[in-house]
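Here's the structure we're looking at; comments come further down.
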Amino acid sequence: MKKKAVVALCSLMAVLSLAACGKGKETSPESEWAGVYIGKDGSLLILCEDGGGYINGGTPDNYKIKWKIDDDEIVIKCDRFEKLIIDIDDAEPDDTICVSGKEGQSWRDEDFDRTEIYEED
């Protein structure tokens, strides 16, 4: 009887601790979109939750970026490409997204797919 009470108490504690971990924790749009994206033309885009990241346009150079979500767009800024836009209106992070550049800059529009760089067990 004593053993059953201990098992029941431990089970209750585990359930309550799991519920407490998720309580009040809201995911921000930035954390939902953070990840690694591979372009159809070989480019690489890394969006970090803190608003930083990297972009590689298929060259040996990686460029640091800053990004933010502004209305229904992800706005990416970096020295090399000035300003890139991803339209996320009605899009989910796992959808194919298009990174578009401003007119007159060297970036060509490119479709990207999110990829997992590791698998959770």
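The values are calculated or read from the model by the stated rules, or taken from the named source; none is laboratory data. Everything numeric here is computed off the predicted structure, so don't read it as measured data. As a convention, Cβ positions derive from the backbone with ideal geometry for all residues, glycine included, and neighbour counts pool all protein chains shown. Only protein heavy atoms, including side chains, enter the accessible area calculation; ligands, DNA and RNA are left aside. Shrake-Rupley method; radii C 1.70, N 1.55, O 1.52, S 1.80 Å.
Against the conditions (1) at pLDDT 90 or above; (2) out of contact with any Cys (no Cβ under 8 Å at 6 or more places or on another chain); (3) surrounded by fewer than 15 Cβ atoms within 10 Å (Cβ to Cβ); (4) not basic (Lys, Arg), residue 53 satisfies every one except (3).
Restricting attention to the range 97-119, the residues that are assigned to a loop (DSSP other than H, G, I, E, B) and either over 16 Å from the mean Cα position of the chain (by Cα) or modelled with pLDDT of 95 or more (or both) add up to 8. Across the range 35-47, not a single residue is classified as more than 14 Å from residue 112 (Cβ to Cβ) and in contact with a Lys or Arg (Cβ under 8 Å, 6 or more places away or on another chain). In the range 55-74, the residues that are at positive phi reach residues that are in a loop (DSSP other than H, G, I, E, B) and open to solvent by 60 Å² or more (accessible area, probe 1.4 Å) with C-beta atoms within less than 9 angstrom, at least six apart or across chains, in these pairs: 58/41; 71/89.
Candidates in the range 67-83 are the residues that are open to solvent by less than 80 Å² (accessible area, probe 1.4 Å) and over 16 Å from the mean Cα position of the chain (by Cα); of these, the one that is farthest from residue 29 (Cα to Cα) is 81.
Among the residues of the range 84-117, the one identified as open to solvent by 90 Å² or more (accessible area, probe 1.4 Å) and at positive phi is 90. Considering every residue within the range 22-29, establish whether at least one is in contact with a strand residue (DSSP E or B) (Cβ under 7 Å, 6 or more places away or on another chain), at pLDDT below 95, on the phi < 0 side of the Ramachandran plot and surrounded by 13 or more Cβ atoms within 10 Å (Cβ to Cβ). No; the residues of the range 22-29 include none that is in contact with a strand residue (DSSP E or B) (Cβ under 7 Å, 6 or more places away or on another chain), at pLDDT below 95, on the phi < 0 side of the Ramachandran plot and surrounded by 13 or more Cβ atoms within 10 Å (Cβ to Cβ). Taking the range 46-86 as the range and being closer than 16 Å to residue 101 by Cβ, touching a Phe, Trp or Tyr at 6+ places or on another chain (Cβ under 6 Å) and assigned to a loop (DSSP other than H, G, I, E, B) as the test, the residues that pass are 80, 81.
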